[in-house]
Amino acid sequence: MCGRFTLTVDPAELQEAFQDYKFPTQFAPRFNIAPTQPILAIPNDGLNKADFFVWGLIPSWAKDPTIGSRLINARGETLAEKPSFRGGFKYKRCLILADGFYEWKAQPGTKTKTPYFIHMKDRKPFAFAGLWDEWHSPEGSQIKSCTIITTDPNELMTTIHNRMPVILKPADYAQWLDASPQTPDKLQPLIKPFPTDKMSAYPVSTLVNKPSVDRAELVVPVQG
């Protein structure tokens, strides 16, 4: 799964990396983004514009918005089958902006898990593949939400965890954000592990375990 990630670059650097899309001119660096919090995403609504979504998908048909806390990730292998995700897979896809993510490695023979920070070797921002939706309350309020798609781990992630988020290559952004309905056979080839040789990882402080802690020291390497 993917349960925490970062977006620490400034708006100008993000705009440079994603030149075809529009971004807010101001937002704070985040070192410990957790479920139910706002995350920056580009929906396939034809505007090519990023906005803040709640992390945890609330399907439009949901009776209770708290379902979102259980839908922070979507398994890539079953997107076309699960009622919570199959509509989004066909109609509502998004890019979720990040520059790193965390995963926890179990220590054999103990209950201890060591957090790792995973990032691109060039430290540039990237995009998770996501699904989004809009939920309307009986009172008329609206919540935009999204979920991160996961897949099998690549060689690097296999040493840490048995899943990893789907990271899209820039060449695939346009297809993923196509506003027209898509069939699973066209999209499924994009749901795959990202190349290992472009990624790196190292252990970090267990401070990241606390969602309330959000500061730069979380991404500082520690002894594994």
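Bear in mind that the values in this text are calculations on the coordinates, not laboratory data. In this text the structure is predicted, and so the values were computed from the model without any measurement. Note: ideal-geometry Cβ built from the backbone for every residue, glycine included; neighbour counts use all protein chains shown.
Per-residue 3J(HN,Hα) values for the stretch 26-41, derived from phi via the Karplus relation 6.51 cos²θ - 1.76 cosθ + 1.60 with θ = phi - 60°, read 9, 6, 7, x, 10, 10, 7, 6, 10, x, 6, 8, x, 10, 8, 9 Hz in sequence order (x marks Gly and Pro). Note on the stretch 95-224: semi-axes of the ellipsoid equivalent to its C-alpha gyration tensor, largest first and rounded to whole Å, are 29, 21, 14.
Phi-derived couplings, Karplus 6.51 cos²θ - 1.76 cosθ + 1.60 at θ = phi - 60°, listed residue by residue for the stretch 81-91: 10, 6, x, 6, 10, 5, x, x, 4, 7, 10 Hz, with x used for Gly and Pro.
By the rule of a C-alpha distance below 22 Å, with chain neighbours fewer than 8 residues away ignored, the lysines paired with residue 111 are 210. Using the empirical formula 2.2 N^0.38 Å as the baseline, the Cα radius of gyration of the stretch 99-173 reaches a ratio of 1.46. For residue 105, the amide hydrogen comes within under 5 Å of the amide hydrogens of 114, 116, counting only partners 5 or more places away or on other chains and with H modelled in the peptide plane. Under a 5 Å amide H cut-off, with hydrogens placed 1.01 Å from N, residue 150 pairs with 74, 75, 76, 166 among residues at least 5 apart or on other chains.
What the phi angles of the stretch 109-125 give under the Karplus curve with 6.51, -1.76 and 1.60, with θ = phi - 60°, is a coupling list of x, 9, 8, 7, 10, 9, x, 10, 9, 10, 8, 6, 4, 7, 6, 7, x Hz, glycine and proline written as x. Length gained on full extension, residue 180 to residue 1: 61.6 nm, using 0.36 nm per residue less the C-alpha separation. Looking at the chain, the DSSP beta bridges with both ends there are about 85 percent antiparallel. For the chain, the fraction of C-alpha pairs farther apart than 27 angstrom is 30 percent. The calculated FRET efficiency for residue 171 paired with residue 112, based on their beta-carbon distance and R0 = 30 Å, is about 0.15. Taking only the C-alpha atoms of the stretch 37-162, the Rg (one decimal) and the largest Cα-Cα distance, Dmax (whole number), read 16.1, 52 Å. The alpha-carbon of residue 63 sits under 17 angstrom from the alpha-carbons of these aspartates and glutamates, leaving out residues fewer than 8 places away in its chain: 133, 134, 139.
Computed over neighbours whose Cβ is under 12 Å from that of residue 120, the net charge equals +2, Lys and Arg +1, Asp and Glu -1. Per residue, the chain reaches -2000 deg cm²/dmol at 222 nm when only DSSP H runs of four or more residues are counted, each adding -39500 (n - 2.57). Exposed loop sites were defined as GluC sites (Glu not before Pro) in DSSP loop states (anything but H, G, I, E or B) carrying at most 16 other C-beta atoms within 10 Å; in the chain the longest segment without such a site runs 140-224.
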